[in-house]
1. Let me check I have the definition right: for the stretch 100-198, take the eigenvalues of the Cα gyration tensor, multiply each by 5, take square roots. What are those semi-axes in whole Å, largest first?
2. Any cysteines in the chain with zero other Cys Cβ atoms under 4.7 Å from their Cβ? List them, or say none.
3. Sorting ARG173, ARG182 on the 10 Å Cβ count, fewest up front, what's the list?
4. Would you mind calculating the gained length between PHE89 and ALA36 on full extension (0.36 nm times residue separation, minus the Cα-Cα distance), in nm to one decimal?
5. How big is the Cα convex hull of the stretch 65-127 in projection, averaged over all directions, in nm²?
6. What Kirkwood radius, in Å to one decimal, follows from the Cα pairs of the chain?
7. If you average the C-alpha positions of the stretch 25-53 and of the stretch 174-234 separately, how far apart do those two centres end up, in angstrom?
8. Using the structure shown, list the pairs from LYS169/LYS253; LYS203/LYS253; LYS253/LYS290; LYS169/LYS290 with a Cα-Cα distance above 23 Å, or answer none.
Amino acid sequence: MSPQKTVLRALAGETLPTPPIWMMRQAGRYLPEYRATRAQAGDFLKLCYNPELAAEVTLQPIRRYGFDAAILFADILLVPQALGADLWFATGEGPRLSTITTQAELDKLIPADAIHDHLNPIYETVKLLSAELPAETTLIGFAGAPWTVATYMIAGQGTPDQGPAHKLKTENRAVFDALMDRITEATIHYLSKQIEAGAEVVKLFDSWAGSLQGDDFMDYSIKPMARITAALKDKHPTTPIIAFPRGAGERYKGAHAAIGADCVAVDDGVTAEWAAANVQTGGCVQGNLKSTHMVTGGDALVSETRRIVDAFSNGPHIFNLGHGITPDADPENVQLMIDTVRNG
Ligand code: CP3
């Protein structure tokens with residue numbers, strides 16, 4: 001048996017002398033080899049649905065940097081597409097979807113357990129990766145959390161304040177709740193299949209959790225993630241789950257227990273010192289270097305990386321950014337971050 005992987009050890013609650021490291025959006029446009037494979041695929045969605053090429057771009061940052069985890073190359077918006085929404089990426093403008101704001105539109109979606117024909121190529125990518133990854137590298141599967149996915153399905157695109165989703169929640173709670181329910185069920189099916197195909201960990205991205213105010217944060221970010229977590233733990237009790245309620249601020253406190261997650265990913269809206277005192281007490285944390293350091297580099301990158309490693313050094317920690325790396329990042333700054341984490 002290979003020695004147990006460092007990411008899995010941290011997720012099991014172990015404090016390691018050096019935290020394992022991976023990076024959100026580690027396969028992406030800042031890498032020339034990614035841009036080349038994407039051009040070969042034709043466009044982003046074709047890349048997502050081509051198992052060989054999706055596995056190739058997943059492996060690129062592992063080969064270049066030796067990250068401790070690989071994250072499946074796909075997108076959170078493949079689930080709405082599998083449910084029957086139209087999805088396309090307008091060049092330079094981000095995702096576009098057909099919108100769901102009425103009962104009639106909701107009725108046209110397909111059942112939550114009928115998504116697999118559409119998503120089969122993704123499970124194929126997972127299978128390829130579990131065969132090809134180095135023995136020490138952990139394979140992470142993922143999905144969007146229901147609130148974040150709903151914000152795109154309701155607005156038909158990314159929105160700065162998630163206004164259309166908040167509006168539907170207020171004006172037509174029945175349709176909003178039914179949509180959240182459909183996404184939640186589909187996500188359970190999707191992540192179960194990823195685990196069966198070889199994902200060793202799964203992560204839920206609630207990128208827009210921060211815009212939920214008052215009870216809505218509990219009702220629409222935490223509770224749906226808790227429902228998915230409970231269902232997955234029931235079927236796959238040994239698979240660790242990472243939850244990322246981005247922008248939760250002080251509400252990160254207690255998130256492990258409220259969600260039932262093995263790890264909570266924190267963004268850079270809280271300091272590592274605060275998160276160590278208030279979040280890491282509940283279990284493993286992942287985070288939380290500002291992604292802008294991957295653009296600017298230098299002494300500030302080194303000192304902030306050291307500060308985060310140090311702040312989290314008394315408990316289980318997986319080093320990561322606070323959000324995804326951006327296309328304007330310098331690949332050399334990524335290497336500098338990794339060297340700083342591993343060599344001090
Ligand atoms: O992290 C990884 O490397 C794994 C792959 C991954 C992608 N998207 C690839 C991608 C993951 C985990 C995601 C998650 C995702 N997708 C989220 C949640 C995390 C977050 O960033 O908040 C969201 C909100 C999306 C939806 C999405 N996909 C948007 C808004 C965009 C356009 C913005 C952009 O960066 O261009 C995408 C496209 C996308 N997803 C790209 C990649 C590598 C860029 C596509 C390209 O190559 O042009």
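Readers should treat all values here as calculations from the given coordinates under stated rules, not as data from a laboratory. Keep in mind it's a predicted model, so treat the numbers as computed, not measured. Ideal geometry is used to build each Cβ from the backbone, glycine not excepted, and the neighbour counts take in all protein chains shown.
1. Result for the stretch 100-198: semi-axes of 31, 15, 10 Å.
2. CYS48
3. By the 10 Å Cβ count, ascending: ARG173, ARG182.
4. Stretched out fully, the PHE89 to ALA36 stretch lengthens by 17.3 nm.
5. Projected area, direction-averaged: 6.4 nm².
6. 20.1 Å
7. Cα centres, the stretch 25-53 to the stretch 174-234: 27 Å.
8. Going by Cα-Cα distance, LYS169/LYS253; LYS169/LYS290 fall outside the 23 Å limit.
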